[in-house]
Amino acid sequence: MELHTLPAGAIVPVSDMDASRAFYEGTLGLTGEPAPGGYALRAGGGTRLFLLDVASYAGQADWP
């Protein structure tokens, strides 16, 4: 399998998992399941978003 054919994914650090899930699932309509350290969401074309439950640096532009 070539790298350019693989689905893309992003890690999104969040400080409030419940509010973040409400937005991504309720507002945007994504579905997901619990994952180690957070929550994994499925988007179109095999793309995944991972909500990382880390209040200490969520929303800071200097990460990663």
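The values are calculated or read from the model by the stated rules, or taken from the named source; none is laboratory data. Since the model is a prediction, treat every value here as computed from it, not as a measurement. When the accessible area is computed, the model is the full protein with side chains, heavy atoms only, and any ligands, DNA or RNA have been set aside. Shrake-Rupley method; radii C 1.70, N 1.55, O 1.52, S 1.80 Å.
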Hey, what do the phi angles of segment 15-21 turn into as Karplus ³J(HN,Hα) couplings, whole Hz, using 6.51/-1.76/1.60 and θ = phi - 60°, x for Gly and Pro? 9, 9, 4, 4, 5, 5, 5
Keeping all protein chains in position, work out how much accessible area THR5 exposes to a 1.4 Å probe, and write it in Å² to the nearest 10. 80 Å²
Can you pull the accessible area of PHE23 for me, 1.4 Å probe, Å² to the nearest 10? 100 Å²
